[in-house]
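The values are calculated or read from the model by the stated rules, or taken from the named source; none is laboratory data. Predicted model, so just to flag it, every value in this text is computed and none were measured. Cβ placement follows ideal geometry from the backbone for every residue including glycine, while neighbour counts extend to all protein chains displayed. Please note that ligands, DNA and RNA were not included when accessible areas were found on the heavy atoms of the full protein model with its side chains. Shrake-Rupley method; radii C 1.70, N 1.55, O 1.52, S 1.80 Å.
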Amino acid sequence: MKSILLCTLLLFCMVPKSHAQNDMTWRIGLSKSVITPETPMWMAGYAARTTPATGVYHDLWAKVMVLEDQSGKQLVLVTSDILGFPKKMSDRIRRKLLETYGWNPSQIILNGSHTHSGPVLEEALYDIYPLDTEQLALVKSYSQWLEQRVLTLVEEAHQNLRPAKLSSANGVARFQVNRRENVERDIASKTALAGPIDHAVPVTKIEDQAGNLLAILFGYACHPTVLDHYSWSGDYPGFAQIELEKLYPGTMAMFFQGASGDQNPIPRRTLPLAKQYGKTLAAAVERVLEEEMQPMAATAKTAYAEIDLPFAPAPSQTELTRMANEQSGYLKRWAERMLTEQTQGIQHPTSYPYPIQVWQLGHQLIFNLGGEVTVAYANALKQTFGQDSFVMAYSNDVMGYIPSEIILEEGGYEGYSSQMVYGLPSTWEKGIEERILTAIGQLAEEIDLRPLHLPTEGN
Ligand SMILES: [Zn+2]
C-alpha cells in the first residue's frame, strides 16, 4: 500500500515536471565560418579610404543559429561581420531558404554587425567607393562566395539540431554616445551627455540540457566605427565575441547590431580602444550570464512585413543643378547622376519596401528592423512593449538611415544627406516614425502581442 502510494505520489510529482521541462526544450543547431577575404579587397563603410585592405586584426565571421520550438517550427538567425546584407543578396538567400526548408521571411533574420572594417559587397553603397574594374570583379566574386557560404552554414546548423534551453535578460554597457548631440573633444569634460541613448545589452544564453553553455547571443546599439584603418576586423563587436569565446571555451558568441543609427563609440580610432569596448561589452554579457536569467519557453511566434515607406518628392531640376554646381563629393556625384537619369526619363521609385519583423521566443520579444535605425525607435518600442524587449536593426536589408521624426526634421547626415550616400532618390517623407511604429504595432497584433505586453500563462 505504502509503495503504491509512493508511486502515485511520484507519478503525480513527475508527470507535470517532465511536461514542464519539455515546454522549455528547444532544439538548436549552430555553425560558423571565417569569411575574411583572401585577396586585398576594398573595405566597406568609409568613402575616404584610398586603398584596399592591407592586413588583418582578427578574422571576420559568419555565424548561424537554427532554432526549433516544441511544435517543430524552425527559425534561423545569421550574424556576420559585414556592413549589412544588401537587399538583393538577402532576397536571394531568403528565397533559397524558402525553397529548401519551407521557411518564410518571418522565420529568417540576416543581421550584419555593421563593422566598418569588413569588405564591400555588391549592390551596397557602391557609388561611394572608387572601385576600378579589378576591385569590382573582386567584390562580385566575394559577394557570390559569401552568399553561398551563408547557405552552407545554414545547412550545417540545420543538420546538427540538438536539445537546448534558452534564457534571456538585459545588461548594460555605457560606451555608446549619441553622435548627433555630443562632440568628441568635449565629452571627457562633460558631466552629462546629451541626446537619446539605449545602453541595454540584450543577452540570450543557450545551454545544453546538462547546463553546459553552447552559445551566447548578444547585442548592442552602437556603430562599429572605432576603426577606420586598413586591416580587416569586426571592430569592437569582433573583439567582444573573441573575448567571450575566450571566457567560455567551446561556446559560440554571436553579436547582433541594434538601433545604432545615431550612436557612436566615443572616443574612437585606435586599436586599443576597439579592444577596450569589446572587453567592456563582453564583461557586461558575462555579468548577465552569471546573474539569474529568465528561462524562455520553447514557443516561437514570428511575423514579417515589408511596408511601403514613401520618399519625399525628389529635388527639382533647378535644385539638382544647384547641388551639382555647389556641392562636392558624394552629394555632387548623386545630383549629377539624378540629373542624367532625369534626362534619360528614368522613373525613380516613390517608396521603399521596408522590412519589419517581430519574434516572440517564449516570453522574449525581439523587434527586428531593416536599415540604419536611429535609437528613438528602440526607445519607443520598449516604452510600448516593455523594457525587456530586444531590438535588432541592420537586418535583412540596409537601404539607408531610418531617422526619427525629429532627426528627419533637423536634417544633417542621418536625417538627410546619408540618403544620397545610399543612392536613394530622395530623403524620406514626413511621418516616417509613426508609419513604422504603427506598422510594427499591427505586426505585433498578428501574433497576439498587445502594448505593454506581459507574458501570458504557459508561455
Ligand atoms: Zn552606419
With respect to Gly441, is the statement that it is out of contact with any Ser or Thr (no Cβ under 8 Å at 6 or more places or on another chain) and open to solvent by 10 Å² or more (accessible area, probe 1.4 Å) true? no
Does the stretch 416-437 hold any residues that are small (Gly, Ala, Ser), in contact with a strand residue (DSSP E or B) (Cβ under 9 Å, 6 or more places away or on another chain), assigned to a loop (DSSP other than H, G, I, E, B) and under 18 Å from Arg337 (Cα atoms), and which are they? Ser426
Say whether the condition of being within 16 Å of the ligand (Cβ to nearest atom) and of a type in the set (A, V, I, L, M, F, W, C) is met by at least one residue in the stretch 434-451. no
Please work out if Glu306 is surrounded by fewer than 18 Cβ atoms within 10 Å (Cβ to Cβ) and either polar (S, T, N, Q) or at pLDDT 95 or above (or both). yes
So which of Gly370, Gly362 is within 21 Å of the chain's Cα centre (by Cα) and within 21 Å of Thr299 (Cα to Cα)? Gly362
Complete set of residues in the stretch 199-226 that are within 16 Å of the ligand (Cβ to nearest atom), part of a loop (DSSP other than H, G, I, E, B) and either touching a Leu at 6+ places or on another chain (Cβ under 7 Å) or open to solvent by 40 Å² or more (accessible area, probe 1.4 Å) (or both): Val226
Pairs only if they're at least six apart or on different chains, beta carbon under 7 angstrom, first in the stretch 404-416 and among the polar types (S, T, N, Q), second open to solvent by less than 50 Å² (accessible area, probe 1.4 Å); list them, first residue then second. Ser404/Thr374; Ser404/Ala376; Ser404/Tyr377; Ser404/Glu433
So for the stretch 149-166 (the condition being within 16 Å of the ligand (Cβ to nearest atom), of a type outside the set (D, E, K, R) and not in a loop (DSSP other than H, G, I, E, B)), does at least one residue qualify? no
Suppose the filter is more than 16 Å from Pro196 (Cβ to Cβ), in contact with a helix residue (DSSP H, G or I) (Cβ under 6 Å, 6 or more places away or on another chain) and more than 15 Å from the ligand (Cβ to nearest atom); does Val358 pass it? yes
Counting only residues in the stretch 183-198 that are in contact with a strand residue (DSSP E or B) (Cβ under 9 Å, 6 or more places away or on another chain) and in a loop (DSSP other than H, G, I, E, B), the one nearest to Phe390 (Cα to Cα) is identified as Asp198
Filtered residues of the stretch 99-136 (kept if of a type in the set (Gly, Ala, Ser) and at pLDDT 95 or above): Gly102, Ser106, Gly112, Ser113, Ser117, Gly118
